[in-house]
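This report concerns only the one structure given below.
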Amino acid sequence: MASTSRGDALALPRVQCPNHPDAILVEDYRAGDMICPECGLVVGDRVIDVGSEWRTFSNEKALKDPSRVGDAQNPLLNGGDLTTMISKGTGAASFDEFGNSKYQNRRTMSSSDRAMLNAFKEISTMADRINLPRNIIDRTNNLFKQVYEQKSLKGRANDAIASACLYIACRQEGVPRTFKEICAVSRISKKEIGRCFKLILKALETSVDLITTGDFMSRFCSNLGLPKQVQMAATFIARKAVELDLVPGRSPISVAAAAIYMASQASAEKKTQKEIGDIAGVADVTIRQSYRLIYPRAAELFPPDFKFDTPVDKLPQL
C-alpha cells in the first residue's frame, strides 16, 4: 500500500514504503512494480514503462527509424512547438473525387514563431563559425526572445538584433568577442550591431562587464602561435600599462595588440604589426599609436623573470 509525504499543494506526491520511508525503491520494469528492498513490499504497481517498445538489431540500423515521438520540445516557441503537421498523402485514399487532399493542416506555425525560428538558426550558424559553446547559444536565444516579445526594437532587422544578442551573451558569459568578430560572421555592419547593442541593454535594463586586455590575450596569442612565456609577458605588460595609466582612452583590444607586439619583439618569436593586426582586428596605425605610449617606460613593464632575446634598448622605436 503506497503512502505519500505531505508537501505543499503544488508538489508531486512521493511514493515511499510506509515501514521504511527512507529506503530507495527498486523498479521491476517487467512486472511494472515498485518494491521496497528492505521488506519486499510492493509499494506501487502498474508503473508506466517509458522505454522504447521495440528492439533494434545491428543489421536493422540502416532501415527506417521506428521512433514516432517527433522533435524535442522547444520552450522558446509559443506552445513549446508541440504541433502536429500532416504530410501530403500519396495513395488514392488520401484524395477525394475532385483530387483535393482529404487531410490538411488545421494549424500552421505563426509568423512570430517562424521569425524566431529563423533567428535561432542564424544565431546557431554564427556561433558555429566562431566555435562558441552551446550555453552561449542558449543565452543568445533567450535574449532574442525577450527583445522580440517586448517589441522594443521595431523597425530593426532580426539579423541585427540576433548579432547584438550574440555579442551581449559572449560578454555576459565571460568570453567576449569583438564587434569585428561578430560582424565577420553576420551580414550586418558593425555600426548597426553597435546601435542594437545599446538599444537592447536599455530595453532589457541589463548590463555587461567591462572588457579588459586579459579577456583577449590568450586567444590572440594562441592564434598567433606564440609560446606561453610571450603570452604571460604580454598580459603583464598590458596590465602594468593600465595600472600606470599609460594608455588613457585606448580600447583594451588595441592595448592588448601593442603589448603582444612589444613582448614578441623582445622574444625570439617576433611578429609584425600586420600579423597581430589581422588577428586582433585593429589597424597597424592603431597598434603603433598604443605602442608609442608604452614604449618610453618599457623597462618597467616587463615581468622580472622574462628572458630577453632582444634587450629593451634595442626594441623598435616606431
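Values as computed for the structure displayed
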read-out	value
Protein accessible area in segment 109-202, 1.4 Å probe - carbon and sulfur %	49 percent
Length released on extending from T90 to V312, taking residue separation times 0.36 nm less the Cα-Cα span	72.0 nm
Alpha-carbon centroid distance for the pair segment 227-270 / segment 199-216, whole angstrom	23 Å
Interchain or long-range residues, amide H under 5 Å from G44's placed H	M34
Mean separation of Cα contacts under 8 Å (6+ apart) over length of segment 109-202, as relative contact order %	30 percent
Candidates per trypsin sites (Lys or Arg not before Pro) in segment 256-318, loop by DSSP, up to 16 other Cβ within 10 Å	K270, K307
nm² value of the averaged projected area, convex hull over the Cα atoms of segment 211-312	5.5 nm²
Long-range amide H partners of F95 with built H, under 5 Å	K102
Percent carbon-and-sulfur accessible area, segment 211-312, ignoring ligands, DNA and RNA, probe 1.4 Å	52 percent
Estimated dipole of segment 109-202 in Debye, rounded to 20 [Cβ of Lys and Arg +1, of Asp and Glu -1, Cα centre]	360 debye
Cα principal axis extents for segment 109-202, largest first, Å	33, 25, 22
Extension reserve of the S218-R292 stretch, reckoned as 0.36 nm per residue once the Cα distance is removed	24.4 nm
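The values are calculated or read from the model by the stated rules, or taken from the named source; none is laboratory data. What you see is a predicted model; the values in this text were computed from it and never measured. Cβ sites come from the backbone with ideal geometry, for glycine too, and all protein chains shown count toward neighbours. All accessible areas refer to the heavy atoms of the entire protein, side chains included, with ligands and DNA or RNA removed. Shrake-Rupley method; radii C 1.70, N 1.55, O 1.52, S 1.80 Å.
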